[in-house]
Amino acid sequence: MLDPDFVELSRWQFAITVLYHFIFVPLTLGLTWILVIMESVYVMTGKQVYKDMVKFWGKLFGINFALGVTTGLTMEFQFGTNWAYYSHYVGDVFGAPLAIEGLMAFFLESTFVGMFFLGWERLSKRQHLVVTFLTALGTNLSALWILVANGWMQNPVGAEFNVETMRMEMTSFAQVFFNPVAQVKFIHTVSAGYVAGSMFVAGISAYYLLKGRDLGFARRSMAVALGFGLASICSVIVLGDESGYEAGEVQKMKLASIEAEWDTEPPPAAFTLVGAPDREAMETHGAIKIPYVLGLIAKRAIDEEVPGIKDLMEQNKQRIRNGILAYGAMQKIRAGNASEADRKLFEVYKKDLGYGLLLKRYTDKVVDATEAQIDQAANDTVPGVGPLFWSFRTVGPHWDGNQVWFITAGGAVFAAWPAVYAASFSGFYFAMMLVLFALFLRPVGFDYRSKLDNPQWRNSWDWGLLVGSAVPPLVFGIAFGNLFQGAPFHYDDIMRPWYTGSFFGLLNPFALLVGVVSLSMIVLHGAAFLQLRTEKLISDRAQGAVTKAGLVYIVAFALAGIWLALGIDGFEIVRDRPHGALPVPVGKEVVMASSAWLHNYRQYPITILAPLVGFGGAVLAILFSRAGRAGWAFFSSALVQLGTIFTAGVSMFPFVMPSSTNPNHSLTMWDATSSHLTLNVMFIAAVIFVPIIISYTTWNFWKMWRVVTVKEIEEQSHLAY
Amino acid sequence: MWYFTWILGVLLALSFGIINVMWLENETCLDDETCEGRKD
């Protein structure tokens, strides 16, 4: 059973990250559009002062952007590390918007934000304006998709529970996307961000005006911020009303808790302005109430009642009892001895299954719950009234946008193989944390290293960048080394993943060797790229690095291969699930056997090409690099990446994450997937967006491509972000 | 259909910002060298 303190700590960790994230995000949402306004005026009037404005506010945007990216990445990790069962249970629905966010928005903003800062000299005025516009659009589309995910959490439409896979599965992508809560939340949140951005610009401009500094600059900035801000405030007001109304429709308990409305009172419902909510006594001491207002917020009416917490708890108790029935029927169905009556019972009550699962905390069997346990579980359905009540009376407009905008490097995995996402992030917890902390240093490092003209400052950030770039490939290599040996995890009866290993168990000799393979492969690629893009001095040093990294790679890759063939037991499926069966990762029979990882090479001899391409690429990279053919060296080193990754894939295929404690629970490409519909949605999204991404990243490289010279770097030392 | 409203709304808000600053540019003397003889 889970330790409640542990759950509590996980919640705190996530909450703190979210709060920290949401300091930066609203600002960037608004600032990007303000930059678009300023630059449009620059293009129209051609006045230098507008270009200065874009650059000045753009710098402040950049600082916030880097911190938003960093904290956003953290939350994405935490879905897997802190909420593994959640990711498993709803990944089929939840992963798709996150992955589409990555495809549609994150690529857009991350490509164009670089061009925004560095492209002034290389792009025409109009082209640069387009770049700024696309950065803004990308940032806002990120908000769109994460709020579609969030909206689904508030109002789960377009999905249904599947008893065989034990998770929620998408039934209609359109319903998920056009979820009324998601729509309202999206506009309300981005509008609030626009207001925040406008206030930020207006505030700093006001300070300049007071000090009498740069008056022309400050007055123009002020005018932009006030015009944009005024329109945005109107939007916040309208959508705020809509938000309250939606909450009254679909989240009655949340609304009642926010308002500390313990009892259902006869209409017109009054709004509690201040008071001291008391959870134990279930009343609010010293409440000051404003008549009619709650009715207007929640129902837009003064003659309808707004249900109170006590009544909702009674309703929830009934739903928990229904949930117990559903759970009992479900266990029979899963055990395969359900009668027709059991199936009917389950169909009737399955929407309350989640309420039944609340009892898991108090009794593992659920069906034997006592009245007292049902009361406890019903109590759990009431959120913390005090904190909610007070937070809504202090933070005002940002109340709902708690999870805007984060990035989705793992989003595709989340959408396609939610089970893998859940099991690997929670299982490899400390390794993932290590990667995360290392990744922090990158966006912040690139952005901040040139902000102060101080060699020590810059040097420290460069060390940070080194760590931030070296740790992830090393850890991913180590993680792969462990996958070959199987990870110690298994599933329980409701498909919760349980991991029984430790962090130090990951650091075994074979895994470390694979880490060396991965790191040397990445260093080789970086060195080849540097040789291609730089002049004499740096280029010569890069050439030396290509040779060294290439040799280390060849030796480590060969050793790892021999070790895998002779010393590591592979996994093999001896009895698979029937073709076309639903994706459940526990229905097959798997054995561990020596040299089983070579199975695919024996069966499909063509696959031996993968390791050969790895070795051959490395040899060619070294030779081309020494001959001064940097372009070919880079191409060869790209082959190394391809060959190595394919080698790992071919060896393990179809396993993605084998289990060493219960091989039958190993995750494969086929049985850890999302539902058919989600995979279809992802396929369509990829078909549409991947070509678009490729075309604009190509444009980016084409525009920004050149050999970097010392002179240029000295000229641009402050421009570079 | 709130998503559609957003597309229109954000364009409206952008034009508010642009019109406001262009108006200011037109009506007031912001830099000494650009407004010969005009007074603020």
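The values are calculated or read from the model by the stated rules, or taken from the named source; none is laboratory data. All values reported here derive from a predicted model rather than from experimental measurement. Every residue, glycine among them, receives a Cβ derived from its backbone with ideal geometry; neighbour counts consider all protein chains shown. Accessible surface is based on the protein model in full, side chains and every heavy atom, while ligands, DNA and RNA are left aside. Shrake-Rupley method; radii C 1.70, N 1.55, O 1.52, S 1.80 Å.
General observations
- Screening A:Glu572, A:Glu535 for residues that are free of Cβ contacts under 8 Å to residues at least 40 places away in the same chain, in contact with a helix residue (DSSP H, G or I) (Cβ under 8 Å, 6 or more places away or on another chain) and either within 24 Å of A:Trp670 (Cα to Cα) or surrounded by fewer than 19 Cβ atoms within 10 Å (Cβ to Cβ) (or both) leaves exactly one candidate, A:Glu572.
- Some residue of the stretch A:55-73 being in contact with a Ser or Thr (Cβ under 9 Å, 6 or more places away or on another chain), within 14 Å of chain B (Cβ to nearest Cβ) and outside any loop (DSSP other than H, G, I, E, B): yes
- Residue under evaluation A:Ala231, criteria (1) of a type outside the set (Val, Ile, Thr); (2) in contact with a Phe, Trp or Tyr (Cβ under 6 Å, 6 or more places away or on another chain); (3) over 30 Å from A:Ser198 (Cα atoms), criterion not met: (3)
- Count of residues meeting criterion [within 12 Å of another protein chain (Cβ to nearest Cβ) and not in a helix (DSSP H, G or I)] in the stretch A:207-228: 1
- Matching residues in the stretch A:79-127 - criterion: being assigned to a helix (DSSP H, G or I), farther than 19 Å from A:Pro583 by Cβ and of a type in the set (Asp, Glu): A:Glu101, A:Glu109
- Sub-6 Å Cβ pairs linking a first residue in the stretch A:32-46 that is in contact (Cβ under 8 Å) with a residue 60 or more places away in the chain and more than 7 Å from chain B (Cβ to nearest Cβ) to a second residue that is open to solvent by 10 Å² or more (accessible area, probe 1.4 Å) and not hydrophobic (A, V, I, L, M, F, W, C), at least 6 apart or interchain, are A:Tyr42/A:Lys51; A:Val43/A:Lys125, ordered by first then second residue.
- Condition met for A:Tyr208 (among the aromatic types (Phe, Trp, Tyr), surrounded by fewer than 19 Cβ atoms within 10 Å (Cβ to Cβ) and at pLDDT 90 or above): yes
- Residues considered: A:Ala196, A:Ala231, A:Ala247. Of these, the only one that is in contact with a Gly (Cβ under 7 Å, 6 or more places away or on another chain) and either within 11 Å of chain B (Cβ to nearest Cβ) or open to solvent by less than 40 Å² (accessible area, probe 1.4 Å) (or both) is A:Ala196.
- Hits in the stretch A:126-152 (condition: open to solvent by 10 Å² or more (accessible area, probe 1.4 Å) and either over 24 Å from the mean Cα position of the chain (by Cα) or over 30 Å from A:Gln251 (Cα atoms) (or both)): A:Arg126, A:Gln127, A:Leu129, A:Val130, A:Phe133, A:Leu134, A:Leu137
- Residue in the stretch A:339-356 that is under 20 Å from A:Ser257 (Cα atoms), among the charged types (D, E, K, R) and open to solvent by 80 Å² or more (accessible area, probe 1.4 Å) present: no
- With respect to (1) open to solvent by 20 Å² or more (accessible area, probe 1.4 Å); (2) farther than 24 Å from A:Gln603 by Cβ, the lone exception for A:Val640 is condition (1).
- Considering residues of the stretch A:487-519 that are open to solvent by less than 10 Å² (accessible area, probe 1.4 Å) and of a type outside the set (A, V, I, L, M) only, the residue nearest to A:Leu466 (Cα to Cα): A:Gly515
- Residue match in the stretch A:357-366 (condition: within 32 Å of the chain's Cα centre (by Cα), aromatic (Phe, Trp, Tyr), buried (at least 16 other Cβ atoms within 10 Å of the Cβ) and not in a helix (DSSP H, G or I)): yes
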